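Shown next, in structure tokens, is the structure this report addresses.
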Amino acid sequence: MRFTVAIDGPAAAGKGTIARAVAEHFGFAHLDTGLLYRAVGAKTMVGVEPIEAARTLTAEDLARDDLRSAAVAQAASWVAVIGEVRAALLDFQHAFAARMGGAVLDGRDIGTVICPDAEVKMFVTASDDVRARRRFEELSGKGADVTLDGVLQDLRERDARDRERSAAPLVAADDAVRIDTSDMTIAHAVEAVIAEIEKIRGKV
Ligand code: CDP
């Protein structure tokens with residue numbers, strides 16, 4: 001059975017954690033599409049041209065252990081503006097979404113561009129302060145040299161660039177269910193998304 005769950009939203013809203021937990025709960029496959037852009041961004045940091053980087057992306061590129069850094073996130077958000085970079089990553093995402101047994105994809109444009117026919121679409125948000133705090137804790141917990149203010153600025157810059165670009169801008173699909181996780185634990189947000197999926201699964 002094909003069943004696609006699209007989870008979009010701004011930076012560090014909890015999409016990845018929610019997507020992973022939901023996929024595990026239902027036994028679906030999970031793709032963090034941000035990792036694709038991060039891997040392309042990381043290649044540009046060593047001089048590879050962005051479109052070429054996207055067209056030649058390998059499994060090893062996706063397995064690099066520095067992809068979650070703030071510097072790579074910024075590079076990702078710059079390459080994500082380029083239509084040809086996005087186009088080069090389309091087939092992989094489409095094939096992943098169409099796999100049998102169910103798939104959860106998280107990103108910015110899953111419900112709008114990649115999988116406009118997804119059975120479930122969620123748009124996950126949280127206040128800037130809450131998102132910055134969560135990401136600061138994640139990065140500093142890994143020993144990164146970051147400040148709360150620096151993280152907040154990084155998120156705001158990337159969100160603005162993601163919203164204002166012409167290629168697949170960050171915007172909720174009209175039929176997406178919105179969840180604001182500012183005052184929720186991630187566990188609570190996971191429960192809310194699972195409940196939403198259960199509701200729709202009963203109908204398909
Ligand atoms: O983890 P976080 O939410 O901070 O970022 P990410 O999901 O790993 O995405 C990194 C960057 O890739 C974002 O700032 C976007 O510019 C870009 N991206 C995108 O344009 N489209 C996607 N489907 C996923 C990520």
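The values are calculated or read from the model by the stated rules, or taken from the named source; none is laboratory data. In this text, all values refer to a predicted model and were calculated from it rather than measured experimentally. Reconstructed Cβ throughout: ideal geometry from the backbone, glycine too, with neighbour counts over all protein chains shown. Calculation scope for accessible area: heavy atoms of the full protein, side chains included, ligands and nucleic acids excluded. Shrake-Rupley method; radii C 1.70, N 1.55, O 1.52, S 1.80 Å.
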Exercise for the section: State in Å² the accessible area per residue of region 4-193; use a 1.4 Å probe, count heavy atoms of protein chains only, and round to the nearest integer. Expected result: 45 Å²
Exercise for the section: List the equivalent ellipsoid semi-axes of region 113-204 in whole Å, largest first, each obtained as the square root of 5λ for an eigenvalue λ of the Cα gyration tensor. Expected result: 28, 19, 10
Exercise for the section: Filter the DSSP H helices in the chain by two things, a Kyte-Doolittle mean of at least 0.5 and an axial alpha-carbon span of 27 angstrom or more, and list the hits by number. Expected result: none
Practice task
May I ask you to compute the full-extension gain from Met45 to Ala87, defined as 0.36 nm times their residue separation minus their alpha-carbon distance, rounded to one decimal in nm?
Solution key: 13.1 nm
Problem - region 47-53 - phi-based ³J(HN,Hα) in whole Hz, Karplus 6.51/-1.76/1.60, Gly and Pro as x - result: x, 6, 5, x, 5, 4, 4
Completion exercise
Expressed in µm² per second, the diffusion coefficient of the chain from the Stokes-Einstein equation, with Rh the Kirkwood radius over alpha carbon pairs, at 20 °C and 1.002 mPa s, is 125 µm²/s
Exercise for the section: Sort Thr44, Thr56, Thr185 by accessible area with a 1.4 Å probe, largest first. Expected result: Thr185, Thr56, Thr44
Problem - Ser69, Ser77, reordered so the largest accessible area comes first (probe 1.4 Å) - result: Ser69, Ser77
Handout entry: Lys121 long-range amide H proximity, modeled H, under 5 Å
Key = Ala6, Val177
Fill in the blank from the handout: 1/(1 + (r/R0)^6) with r = Cβ-Cβ of Asp175 and Asp145, R0 = 45 Å, i.e. FRET efficiency to nearest 0.05, evaluates to 0.60
Exercise for the section: Any aspartates and glutamates with Cα under 18 Å of the Lys203 Cα? List them, leaving off those in the same chain fewer than 8 positions away. Expected result: Asp117, Glu119, Asp175
Fill in the blank from the handout: Length-normalised contact order of region 1-75, Cα under 8 Å, at least 6 apart, in percent, tallies to 26 percent
Fill in the blank from the handout: Heavy-atom accessible area of region 4-193 with neighbours in place, 1.4 angstrom probe: carbon+sulfur share in percent works out to 53 percent
Problem - Virtual paramagnetic centre 7 Å along Cα→Cβ of Arg201, amide N under 16 Å, in region 21-40 - result: 21-30
Fill in the blank from the handout: In terms of the alpha carbon gyration tensor, root eigenvalues a ≥ b ≥ c, rounded if a/c is under 1.5 and otherwise prolate when a/b exceeds b/c or oblate, region 160-204 is oblate
Handout entry: Where Thr4, Thr58 fall by accessible area, highest first, once all protein chains stay in place (1.4 Å)
Key = Thr58, Thr4
Problem - Reachable lysines from Lys199, criterion Cα separation under 29 angstrom, eight or more residues apart if same chain - result: Lys15, Lys121
Practice task
Would you check the accessible area of Leu148, probe 1.4 Å, heavy atoms only, in square angstrom rounded to 10?
Solution key: 60 Å²
Completion exercise
Taking Cα pairs closer than 8 Å and at least 6 residues apart, the relative contact order of the chain in percent is 34 percent
Exercise for the section: Extending each Cα 7 Å along its Cβ direction at Ile194 and Arg20, get the distance between those two points in nm, one decimal. Expected result: 1.7 nm
Exercise for the section: Between Ala167 and Ile186, with labels modelled 7 Å along Cα→Cβ, what's the label distance in nm to one decimal, could you check? Expected result: 3.0 nm
Problem - Amide H contacts of Thr181 (H built 1.01 Å from N, under 5 Å, at least 5 apart or other chain) - result: Thr125, Ala126
